[in-house]
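The values are calculated or read from the model by the stated rules, or taken from the named source; none is laboratory data. Given the structure is predicted, the values throughout are model-derived calculations rather than measurements. In this analysis, Cβ positions are derived from the backbone assuming ideal geometry, glycine residues included, and neighbour counts consider all displayed protein chains.
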Amino acid sequence: MGRSIRSVGGFVDVRLFLESIECGDVANNFNRIEELLEVKPLDLQKKGVPPKQRKRILRHVEFLRHGIVPYEYAVKYHEQQKQEETSIKQESLSS
């Protein structure tokens, strides 16, 4: 687990969050962050999530409930935002 920072809002993308905690291969099991926040250990087991990943997901979801996101998530999220801003600027210059 990397360093953590305080969340500045509800900007959590489920796939990106799970990838940042090295559980990206189970991201298809969740469509919204709310599903992940309400998940129970038995739910994860029924979805076929291995024990190590279940533990990691549950631990990081608890952090997320307290407004703390993994440092790696924050970095990936901000990189994604910069890419989107750059593509919007390029589109507006092309017009």
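Kindly indicate whether GLU91 is without any contact (Cβ under 8 Å) to a residue 12 or more places away in the chain and assigned to a helix (DSSP H, G or I).
Yes.
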Restricting attention to the range 19-60, report how many residues are in a helix (DSSP H, G or I), under 20 Å from GLU72 (Cα atoms) and among the acidic types (Asp, Glu).
2
For ILE5, the lone unmet condition from (1) within 12 Å of the chain's Cα centre (by Cα); (2) of a type in the set (A, V, I, L, M); (3) at pLDDT below 90 is (1)
Given the condition touching a residue at least 60 places away in the same chain (Cβ under 8 Å) and assigned to a loop (DSSP other than H, G, I, E, B), answer yes or no: does some residue in the range 61-80 qualify?
yes
